[in-house]
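Laboratory data are not the source of any read-out in this text; all were calculated from the coordinates shown. The model shown is predicted, which means the values in this text are computed figures rather than measured ones. Don't worry about glycine lacking a Cβ; one is built from the backbone with ideal geometry, like all the others, and counts go over all protein chains shown.
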Amino acid sequence: MTTLLVDGQRIEARGGDSLLVAMLRVGLHPTGGGCLCLAGDCPNCLVTVDGVAYTRSCQVPARDGMIVRRDHLGGEEPALLPDEAMSAGSAAPAHHVHCDTVVIGQGASGREAAREAREVGFDVATFDARDGQHVTGVYPGPLVVAADDGGRVLHVHPRREIVVATGAAEIQPVVPGSDLEGLVTARAAAKLVGAGIDLGRAVAVGEPPGELPSGSLAGHFPLGQGGWELVRFDGDGRVEAVVLRRHGDDGAAEERIQCDTAVLGLGRNPRNALARMASDLPVRVVGSAATEPELPSCPREGTVCPCSGVTVADLDGVWERGFHEMELLKRATLAGTGTCQGGVCLPYLRSFLLERGGRLQPAFTARPLNRQLTVRELAAGAHTAVTARSPLHDEHLRLGARMDRAGGWWRPWTYGRQDDEYRSVRERVSLGDVSSLGKMAISGPDAEAFLERIVPTRVATIRPGRCRYVLMLDERGYLLDDGMLCREAEQVAGDRFFLTSTSGGSGFFELWMRDWAEAFGCDVRILNQTASLAAINVTGPLAARLLARAGALELPAFGRHRRVRVAGVDCRVVRLSFTGELSYELHHPAADARKLWRRLLEAGAAFGVQPHGLEALLRLRLEKGHIVIGQDTDYDSTPRRLAHEWAVDLNKGDFVGRQAVLRTNKQPLDKRLVALRVDNPPAGDGAHPSAEGAAIHDGDRYAGYVTSDTGTTAGGDATMLGWLYLDAEGRLPREVTVDGHPARRVDGPTYDPEGERARAAVDRRDEAPENVREFPVVRLEATDLAAGIPAEPPRLRWLEATRVSTTPEALAALVKRPPWSAGALTFRTAPDELLVTATPDFGVAGDPHAIVERETAFSYVWLDEATAERFLDRECEWPRPGARPAFAQGEVAGIPARLWFEAGKTLILTPAPFAAAFERRLTASLAEIDGGAT
Amino acid sequence: MNEFTERQMQLTWRAPKKSYDVVIVGAGGHGLATAYYLATRHGITNVGVFERGYIGGGNSGRNTTIIRANYGIPAAVRFYQRSVDLYRGLEQETDRWLMHQQKGILWMAHSEAAVRAERMRAKLNTEFGAETEFVGPRQVEELCPQLDMSGGGRWPVLGASYHPQGATARHDRVVWALAEGAMERGAHVHQNTPVEGLILDGERVAGVRTAAGDVAARAVVSAVGGHVSRIAAMAGLRLPIRTHRLQAFVTNHYRQQFGPIVASSELFFYASQTARGEMLLGAEIDPQPSFSYRSSHDFVQDVCRRALCLLPFMSNLRVLRQWTGVCDMSPDYSPIMGRTGVPGFFITTGWGTWGFKAIPAGGEQMAELIATGEIPELIAPFGLDRFARDRTMADRGSAGTH
Amino acid sequence: MSLRIPCPLCGDRSVHEFVHGEIRRIPDHVTDPDERDLDFAFHHDNEEGVVTERWFHALGCRRWFEIRRDTTTDRIVGAAES
């Protein structure tokens, strides 16, 4: 027995009843009146079901425990508690279906189309609203989106064809009284009688329903030539009589036919919204959906659009005022903008415009959604953008860091001791996690020439083992990014370089480089090591002493870099400085990051080492006048405006942005990024509120605004960066005000202007070798692939592998005669790039420039085939290869993934920075599938 | 009758003349506003506006109707504030109900960098007359109780910039009121009359070729949206414009009141409630250039997903309708208004995703330029020549969203 | 999904996985170096019709390739003519 609650009243439904039929059994009209079609074409059966408003009760099966309100507008939902909000904020599950042909509608023509397609061997998916499958839209892709009664959202990807066999909708009456109860379409009448509902004295108008048992109609009045014309329905709430008049004779007397139910066969119109929506997609319309629309006669009186409550008088009103286009008529009355999207009114609007204007206008655009899904249903299959995690993420959490999103990464904002973090850098030694920097290895015969073309700094003079701060410009001569460029010390055959970008630029870095490498036709190998390498900045006056304690005695001088083993980890140690203090940036394999970090903290304990967050870093660099891309720079930041002309060598030959720099240098300078010293900024409790965004004035003249101010400087004055506009004489003012406070433009950094601290010569004599602890080689956390399929729940693990960047020819040869063991898995991720689960102890024959590097930037999980298929059906929208074994790559669960399909099991690889997110999505998805299966 | 059925305006259609003082190409908001202000402010009524479809059928009728002035550079703040002010007086001036509703806009921050950006925005806007303040989480919650302040546990609201003058108006009504105001003073508007070419007299543009014949004009203004590169090419110009799709959707009526306009630059969406009670959502442009008006599923899918993080009450609302417009994007996310270097040919373009809010000020300023021959100070920074002069108007405040 | 982009290495994928790139053509009649540069930096054909363009498969092979697309319909017309 199915019991449901309608407006607090318990009603019982029979098996197979739709909600509408169950309500009509007990005499409840869902909306209190209006002709019912029982086919989802009209808005006259809308109710609120279980809190979901605007639900077509004829399209929903009656279910036990359903709570229904005959008020389709929805209620006053109570405020959500946080827990409820969390679950309310989740999306419905999606399910991807790949097939050859989709057939929408399973009437005679739809069944025939499906049969024909299957006969020639096509894989066919069929949908029918009568089976609770509601197609909401046909989209580019092509993609057909549908929802079923089980709450699943289906994303169907047909390879060949979409067949629209949605049939025809019955035309609704537009006459006075069309909002009464007791009006049904002819097909609805047949369904109701079939369900055992007594229509009382039923009178058919127009074409009578075919399937009715004889004797169930009390009268039949054909319409049109030789027949009748429908004038109105009489009644008070419920229809009492149909009023007719002889067709074609306006003077004829009205005939009033008493009835309990008026059965209306007013004609049919193709249900072609999906086909119109699809326009140039591979769509075939069959059956009555393909017929030409029949225009009803122009309505004289009554409601044309029941969704928006638009009457014929309303149409006339706007027509009289000059709204003659279909779209203007629609917009001026809102006809056709409700739930049925013109299903009821469109034929009448067209006939209205034809009669008034003498011109048949096309139907208004068919727009999604054909059936209105809820926000959570539509969100099915989507994920919010994933934020990358450094390999040190958990270390920061362990140390009490507050993590913040910055440039696409989670970064430690503070560890809760901002001032102390700052002081530890200035006075002692500190660690900073800079793993999020973009990192690129570049090699090849044209490596140097290529870099000369993409950075404005002279590359030729960077000697082996040296590094230099470089800008990257776009073709407009505006600053795109900055970083440091290292030329490898070890002279492998040909040149090899290492280039960093900012964290925010790391996503863009590789595509930008490859774009220019192709544009210039340079013979280079490029390997993106952003996720492969973690980086820790050891900074502060005691940095060298800390590193010595960690076993690193041979440290590079300022402006140099070298390979050094630190605490047992192979590092590239780069010595430049962003904080203004003695700094060593340690680039090392991501899998070793956690141990290196812990051992550096251990080794530095005696010096009072502690990590610093981004907030302290922003303050440290500001005192040195170092710019932050995106904060101090803007889309129009030329090197000249940024006062970075020193980083541009216009005499070295062509580079990206050179002509633009020459061109813009011919224009008078308008503004410059300057450092400002503000005395006594308005102080709070030892700190002042940040002045970022504050206006700079030169006397009364607006002269720019502040881009950087930490607002935390103690000691009565503050250093800021800001854009300063030149005055009418083309001069850059020296004395200005910031928010009314006197400020002075300063040249160069306010902290350690000579840069002595960063460049300090390091005296390590106090560190006798016996004081140096030797650390064991770090054991890898990566697990052997042979471990196979892990226990539930699946956990992602680090992958120990090797990545190769070389020429396509050399790679083909390498794969043919692999130098690694037969058990290794090989994934050719691009014609010139390879990932192999082996150690990097081989070279590449035929390419002395090949880059072969240890790779720990991936996490992996093995899933058994059935689990993998269930997961991928939900989270992978592209078609998977059918063969085994097979390799494929693309987005899975919103994250870039590489898939390796073997008989019986599937390997999923994902970049380690996204591993935690992937694991969470995998676990959640499998749990939902398992939950849903019971 | 529903309460929104138009009952006031009168559109008067006339046959095209052989010549006008001013021909405006495109009867969207900007074209009609230019005609309206030429008529009302300068008494210039011998004006013909040519439209290939119906009035307001392009982006004027496809936008998300948001009016605000909280932009990222002084020149833009001043210009949009002028538009906000004109909008506030437009109902009274035209004596027409435009459904103008001041509701405030909250621009949410979920990270320290965004907090900094919103604080900066507040300071800069206030300096140039567009009142904006940075508000903390408690005030955000008071202004919009429907927000999940935890952002679904992942996008916490750390604060927001609040721009109380943020408003909405019914886009169609704005277009019609301007059309009516121009028409009743004598301007002609011609629907279904595409401009197929420009008439050149030496270097000078001297009129347009239309489907209804050649029309001479002393000044031709392109107020075209979506196809401006084609019109400009007729005058031999290449523009710094690329055209992209911009999509939006509405849900069914939501019975509770949803107060302000809510935006998030990190989750890339914004939401407001229409006068009919629908929730209206939009986001950024599609990344690839396109002239297709086709809506995509991934748009509604992604925006629904992101919106659920902050507005979980929307979970059970049904999405009623999606649609698409095409936006002309300039390289610096600022409009391009003024002369073109071709005598007799003016342009107003680059309206990207911010065209609706600029309709009155854009029209007013273009009208002044055409009527007086002098470039008004307010739009002097937005000239087409700014790229050659290295004076791009890089505006972070407009990038990303509406 | 929406628009599907055919990556020659990985197969058809949602446009989400890619970054769009333009192939810029400066008209021959522009000869002054500064004017050519200005055109290259800022101006676009913004063509309504079939264009050849570059796409970078960011979530797959991370390589650029060229395709031809009709900007009025978003239909992929085919691989770039070589």
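For chain B, the relative contact order works out to 24 percent when only alpha carbon pairs closer than 8 Å and six or more residues apart are counted. The mean sequence separation of alpha-carbon pairs under 8 Å and at least six residues apart, normalised by the residue count of chain A, gives a relative contact order of 8 percent.
Shielding by partners for peptide B:234-245, expressed as the average number of C-beta atoms from other protein chains within 10 Å of each residue's C-beta, is 3. Averaged over the residues of B:382-393, the number of partner chain Cβ atoms lying within 10 Å of the residue Cβ comes to 4. Sorted on the mean count of surrounding Cβ atoms within 10 Å across their residues, most packed first, peptides A:238-247, B:351-360, A:740-749, B:29-38 read B:29-38, B:351-360, A:238-247, A:740-749.
Across the options A:V242, A:A189, A:P222, the greatest Cα extent toward the positive end of the charge dipole of region A:172-266 (unit charges at beta carbon of Lys, Arg, Asp, Glu) belongs to A:A189. Once backbone amide H atoms are built at 1.01 Å from N, A:M403 has A:W413 as its partners under 5 Å, excluding neighbours fewer than 5 places away on the same chain. For the listed peptides A:3-13, B:171-181, B:17-27, a ranking on the average number of other beta carbons within 10 Å per residue, highest first, reads B:171-181, B:17-27, A:3-13.
Spacing of the modelled spin labels on A:E119 and A:R14, each 7 Å from Cα toward Cβ, amounts to 3.8 nm. Of the trypsin sites (Lys or Arg not before Pro) found in region B:255-317, those that fall in a DSSP loop while having at most 16 other beta-carbon atoms within 10 Å are B:R255. Computed from Cα positions, the angle between helix B:29-42 and the longest principal axis of chain B comes to roughly 60 degrees.
Taking every alpha-carbon pair under 8 Å whose residues sit at least 6 apart, region C:4-79 reaches a relative contact order of 28 percent. In terms of overall dimensions, chain A has a Cα radius of gyration and Dmax of 36.6, 119 angstrom.
The angle between the Cα long axis of helix C:33-42 and the main principal axis of chain C comes to about 30°, on a 0 to 90 degree scale. From a point 7 Å beyond the Cα of A:T291 in the direction of its Cβ, which residues of region A:245-271 have a backbone N at a distance under 12 Å? The answer is A:266-271, whose backbone nitrogens lie closer than 12 Å to the label point. One compactness figure for region C:4-79 is 1.27, namely its Cα radius of gyration divided by 2.2 N^0.38 Å. Annotation note: trypsin sites (Lys or Arg not before Pro) in region B:191-251 located in DSSP loop regions with a Cβ neighbour count of at most 16 within 10 Å are absent. Computed from Cα positions, the angle between helix A:108-119 and the longest principal axis of chain A comes to roughly 50 degrees. Peptide B:118-126 shows a mean partner chain C-beta count of 4 within 10 Å per residue C-beta.
Here's how it looks for A:F858: its modeled amide H is under 5 Å from those of A:L799, A:A912, which are all 5 or more places away or on a different chain. With the simple model of a label 7 Å out from the Cα in the direction of the Cβ, C:I26 to A:D316 spans 6.6 nm.
Of all DSSP-defined beta bridges confined to chain B, some 70% are antiparallel rather than parallel. Dipole check for chain A: with +1 at the C-beta of Lys and Arg, -1 at the C-beta of Asp and Glu, and the Cα centre as origin, the magnitude is about 2040 Debye. Computed from label points 7 Å out along Cα-Cβ, the spacing between A:E645 and B:A380 is 2.7 nm. Annotation: amide H-H contacts under 5 Å for A:A552 (H modelled 1.01 Å from N, sequence separation of 5 or more, or interchain): A:A567. Report note on the peptides B:104-111, B:63-70: ranked by the mean count of other C-beta atoms within 10 Å, highest first, their order is B:63-70, B:104-111. The Cα atoms of region B:122-255 cover 63, 34, 31 Å along the three principal axes, with the biggest extent listed first. Students often get this wrong: which residues of region B:10-31 have the backbone nitrogen under 14 Å from the point 7 angstrom along Cα-to-C-beta of B:N46? Label zone hits: B:17-23. A Cβ-based charge dipole, computed about the Cα centre of region A:785-933 with Lys and Arg at +1 and Asp and Glu at -1, lands at about 180 debye. Using a 7 Å offset from Cα along Cα-Cβ at A:L354, what residues in region A:310-341 end up with backbone N under 16 Å from the label point? Counting backbone N atoms under 16 Å from the label point, the list is A:326.
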